[in-house]
Amino acid sequence: MTLADAPFQTVLTIQSLAPEGADLLHLGFVPGAQVRLVRTAPLGDPVEVEIAGARLAIRKDALGAVEVVEVSK
C-alpha cells in the first residue's frame, strides 16, 4: 500500500520510494524508516506525518510515491 492510502495513527515501515518521490529522501523517507500519519488538514491536504521524531506536512500526491507496510504488533 502507499502512504497516501494508509490508515491514520498506524505505525508503518517504508519499503520503497518511486522515482517521483526522490525529493522525500532528504526529509528522512528512506527504506526501513518508521512513519505514522498523524492527521489531515481540514480540506484533506496536506497530511501531517511523523517520521524520525519530526512532524512534517506533506502533500497527498507526494505520499503516493511511498510504499509502506504495517508494523506487526
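Taking 0.36 nm per residue of separation and subtracting the current Cα-Cα distance, fully stretching the chain between residue 43 and residue 59 would add 4.6 nm.
In a reduced charge model with +1 at each Lys and Arg Cβ and -1 at each Asp and Glu Cβ, the range 1-69 shows a dipole moment near 220 debye about its Cα centre.
With a 1.4 Å probe and all protein chains left in place, how much of the accessible area of the chain comes from carbon and sulfur atoms, in whole percent? Let's see the in-between values first.
Working: 2410 of 4350 Å².
Using a 1.4 Å probe with all protein chains present, the chain comes out at 55 percent carbon and sulfur.
Across the range 29-43, rounded Karplus estimates of 3J(HN,Hα) from the backbone phi angles (6.51 cos²θ - 1.76 cosθ + 1.60, θ = phi - 60°) give 7, 10, x, x, 6, 9, 9, 9, 7, 8, 6, 10, 5, x, 9 Hz, Gly and Pro being marked x.
The values are calculated or read from the model by the stated rules, or taken from the named source; none is laboratory data. All values derive from a computational prediction rather than experimental measurement. Here the Cβ is made from the backbone with ideal geometry for all residues, glycine too, and neighbour counts use every protein chain on show. Note: accessible area is taken over every heavy atom of the protein model, side chains too, but ligands, DNA and RNA are not part of it. Shrake-Rupley method; radii C 1.70, N 1.55, O 1.52, S 1.80 Å.
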